[in-house]
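The values are calculated or read from the model by the stated rules, or taken from the named source; none is laboratory data. It should be emphasised that the depicted structure is a prediction, and the values quoted were computed from it without experimental measurement. With ideal geometry, Cβ positions are generated from the backbone for all residues, glycine too; neighbour counts draw on all protein chains shown.
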């Protein structure tokens, strides 16, 4: 994950795009006195918070990491525990300073930027989800990988074709024994151009008829920078198809009642 994020942040084209977007939004705010009064200069506030964060980071990491390891160990007076008690006041002071002088002003500035962007762009743009419910609309679509098209669906047959008997392509015995029982043409996974990032795993994929057709659980390599940008031409969310779930529950894990409930609902 971090490798993909680093590659995105190191991409000169991405940096230039973000700089142009920021410059355009700054100009939009500066062009109107009312907007200047409403939003101020959140970029200056961010810069100040980042500078203060650099000043505090080394002390915070040295003290807070040690304290975090010892957190809750306040029983017998062992040396690991006596040290934790001694540094606790300083750790609390540093944490409060970081929250007050870095975390809080950064969040306030980012919220101002998001509100300004949303006021300017309306529904053509959306803010960060910020731990709230968000619906992402997309379609099933493959993507080009080094000039070669990647199909949007895999099937159960492909699962067995790729099984080598050795990690990371070693299948459990339960899956090997169940192979003759499975519908190998059933879809296994599929990809969509929904904008998802880490933390979205387990989200339901609903089709246009309102039916659950899968569960999101991953993204392709191009989605690793999704915390910073979204490229609809190659970023893809990966979901397991409900057909594969039902096949596995019924024939691999041998839970027919649960499979019936997944298909027909609870009665």
Checklist outcome for this item: Taking segment 222-267 and the residues there that are under 30 Å from residue 18 (Cβ atoms) and in a helix (DSSP H, G or I), the one that is farthest from the chain's Cα centre (by Cα) would be 222
Checklist entry - Under 8 Å by Cβ, and 6 or more places apart or on different chains, what pairs join a residue from segment 174-190 that is in contact (Cβ under 8 Å) with a residue 40 or more places away in the chain with one that is part of a loop (DSSP other than H, G, I, E, B) and buried (at least 16 other Cβ atoms within 10 Å of the Cβ)? => result 190/152
Next on the checklist: I'd like to know if segment 157-168 contains one or more residues that are touching a strand residue (DSSP E or B) at 6+ places or on another chain (Cβ under 7 Å) and either surrounded by 14 or more Cβ atoms within 10 Å (Cβ to Cβ) or modelled with pLDDT of 95 or more (or both).
Outcome noted: yes
Next on the checklist: Suppose we filter segment 189-203 for residues that are under 15 Å from residue 245 (Cα atoms) and modelled with pLDDT under 95; how many remain?
Outcome noted: 2
Checklist entry - Which condition number does residue 236 fail, the rest of (1) out of contact with any helix residue (DSSP H, G or I) (no Cβ under 9 Å at 6 or more places or on another chain); (2) modelled with pLDDT of 95 or more being met? => result (1)
Checklist entry - Residues 236, 250: which one is crowded, with 19+ Cβ neighbours inside 10 Å, farther than 18 Å from residue 179 by Cα and in the same structural domain as residue 176 (by TED's automatic domain parsing)? => result 236
Item to check | Those residues of segment 184-198 which are within 11 Å of residue 226 (Cα to Cα) and touching a helix residue (DSSP H, G or I) at 6+ places or on another chain (Cβ under 8 Å), in sequence order | outcome: 196, 197
Item to check | Only one of 120, 115, 134 that is surrounded by 12 or more Cβ atoms within 10 Å (Cβ to Cβ), within 30 Å of residue 29 (Cβ to Cβ) and touching a helix residue (DSSP H, G or I) at 6+ places or on another chain (Cβ under 6 Å) | outcome: 120
Checklist outcome for this item: Restricting attention to segment 20-44, the residues that are touching a residue at least 60 places away in the same chain (Cβ under 8 Å) and exposed (fewer than 11 other Cβ atoms within 10 Å of the Cβ) number exactly 0
Next on the checklist: Of the conditions (1) in contact with a helix residue (DSSP H, G or I) (Cβ under 8 Å, 6 or more places away or on another chain); (2) loosely packed, with under 12 Cβ neighbours inside 10 Å, residue 175 satisfies every one except a single condition; which number is it?
Outcome noted: (2)
Next on the checklist: Suppose we keep only residues that are part of a loop (DSSP other than H, G, I, E, B) and under 18 Å from residue 264 (Cα atoms) within segment 192-221. Which one would you say is nearest to the chain's Cα centre (by Cα)?
Outcome noted: 207
